[in-house]
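S.K.: Before anything else, here's the structure in question.
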Ligand code: URA
């Protein structure tokens, strides 16, 4: 539908479908759109991304001309094309691509969001990558990171290669459908729990109510058998099931957890004894793949073509506050299988990552150190850091009067009541003031919405540019910058500092959180709290 496409008039870069034998369609590699090199040469995937793709195909025994290479849109997009124009371009190219792929039943390696959007209608390919899924057109898709992303972040090269490998196997019919091992999510649990008594290593995972922290269920198991037991009020505190579960957690087997600090502290707080050596798969992954994310969802996707059970459960990353709250408060019917899968994955990763550590020079030594530090940081979280309440109250008073003062000075310069600093100095009325009332040129753009952005860079540039020629503009920009800074300080570190009843905060310490190797903290991010504040 080129006539209604925002790219109408541009030169299309056609697909490469050499020798596509009828009855034996080739593996499809679907990219997003041609880049500069593709536009020049008239061939898809011939630039740096194409080279990266060719390498990954070759590593899996496939020559570039043995695959069908194409793109979601055939013309090179404009710089900073808006999301609306992207959607329109994809829809305009859809009839062409539908006809080109034919099918149903093709196997498609989907590289990047736009390819995935055409195939499934879903956004955010990262939440689905690595696991085969059906497309709207009846094809089988292996969602993957884009080779251009890998060029920017070479740590992901093995992940991209692995996804290409899965697509090749899928195309050859050699990737068997994923089979979870035995997941026990209904009582009686006792016979299954008893079967775990002799396991040398037991994976454990708990799920709790996000608000109260009360544990809803405990999962325990191996890579063959995973049992998820609901706790009271969903189950009976003195049942044989619960007694057996207590016995397993307290036995001498190695206990395998992904992000052990969280679960171990919760279990301790709720009176569960956990004994045996601790093995944390998040630490093992930090040893073998220090530059990659370590959350269970990502690690599992990069290692196994298992369905993205966390995404299906509506958890993004491992952070329960990001969209997962409803799911963790939701019915046990879906929580228990979710928990059982977490357990299985930790058990599988234990074996796989340890095998890699065994082959890594001094890998075991590093992992042992990480485990020792893990216990120390766990203790640090438990004890917490004392905050001086009087001091905090003084900061609150100072910040309040400072912000009040900024508001007053702002109003002197901008009498229009419709334009207001609000809670944090970031709202449309402030953007309009600079871009419409003052009619200043746009300095920054919001990457997602492609609209003008009044960020710190823009304000700082206005201060510099207009300090002499339009002093009022520079003054207002200075006030907005300062107001933003101090309201953030107050919002992040004074008003919402999670201080317990005794005056302690309990951040979680991560020993591999920063690339520089220093420790980092979350909830709150202690290392970003300013050491001192100068109120000017
Ligand atoms: N990136 C793509 O998505 N497609 C190409 O053809 C080249 C780069």
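Throughout, read-outs are computed from the coordinates displayed, never taken from laboratory work. Model, not experiment: these values are computed from the prediction. Note that each Cβ is placed from the backbone with ideal geometry, even for glycine, and that neighbours are counted across all protein chains shown.
S.K.: If you stretched the chain out fully between residue 392 and residue 224, how much longer would it get, using 0.36 nm times the residue separation minus the C-alpha to C-alpha distance?
M.R.: 55.3 nm
S.K.: Further question: For each of 366, 57, count neighbouring Cβ atoms within 10 Å of the residue's Cβ, then give the residues from fewest to most.
M.R.: 366, 57
S.K.: Something else now. I'd like to know how the range 323-391 sits against the 2.2 N^0.38 Å rule of thumb: what's its Cα Rg over that expected value?
M.R.: 1.71
S.K.: Given the DSSP H assignment, sum -39500 (n - 2.57) over each helix run of at least 4 residues in the chain and divide by its residue total; what's the result at 222 nm in deg cm²/dmol, nearest 500?
M.R.: Working: 19 runs with 226 residues, N = 536.
So the helix-based figure for the chain works out to -13000 deg cm²/dmol.
S.K.: Taking N as the number of residues in the range 401-457, what is its alpha-carbon radius of gyration divided by 2.2 N^0.38 Å?
M.R.: Here the Cα radius of gyration is 1.21 times the empirical estimate.
S.K.: Follow-up question, since we're still on this one. Quick one: 468, 13, fewest Cβ neighbours within 10 Å first, how do they rank? Walk me through the intermediate numbers first.
M.R.: Numbers: 468 7, 13 24.
Ranking 468, 13 by Cβ neighbours within 10 Å, fewest first, gives 468, 13.
S.K.: So, one more: Taking 22 Å as R0, compute the FRET efficiency from the Cβ-Cβ separation of residue 211 and residue 373 and round it to 0.05.
M.R.: In this case the efficiency is close to 0.15.
S.K.: P(r) of the range 152-192 in 5 Å steps, Cα pairs, percent per bin?
M.R.: Result, from short to long distances: 5, 17, 13, 13, 11, 10, 10, 10, 8, 2, 0 percent.
S.K.: What order do you get for 404, 285, 294, 371 when you list them from fewest to most C-beta neighbours inside 10 Å? If you can, show how the numbers build up before the last one.
M.R.: Working: 404 9, 285 25, 294 21, 371 17.
By the 10 Å Cβ count, ascending, the order reads 404, 371, 294, 285.
S.K.: Quick one: if you stick a label point 7 Å off each Cα along the C-beta vector at residue 326 and residue 470, how many nm between them?
M.R.: With each label point 7 Å from Cα toward Cβ, the separation is 4.5 nm.
S.K.: If a/c stays under 1.5 just call it rounded; otherwise compare a/b with b/c (prolate if a/b is bigger, oblate if not). Do that for the chain, with a ≥ b ≥ c from the square roots of the Cα gyration tensor eigenvalues.
M.R.: It is oblate, given that a/c is not under 1.5 and a/b is not larger than b/c.
S.K.: For residue 37 and residue 529 in one chain, what is 0.36 nm times their gap in residues minus the Cα-Cα distance, to one decimal in nm?
M.R.: Taking residue 37 through residue 529 to full extension adds about 172.5 nm, to one decimal.
S.K.: Right, next: By how many nm would the segment from residue 2 to residue 194 grow when fully extended, if each residue of separation counts as 0.36 nm and the alpha-carbon distance is taken off?
M.R.: So the chain would gain 62.6 nm between residue 2 and residue 194.
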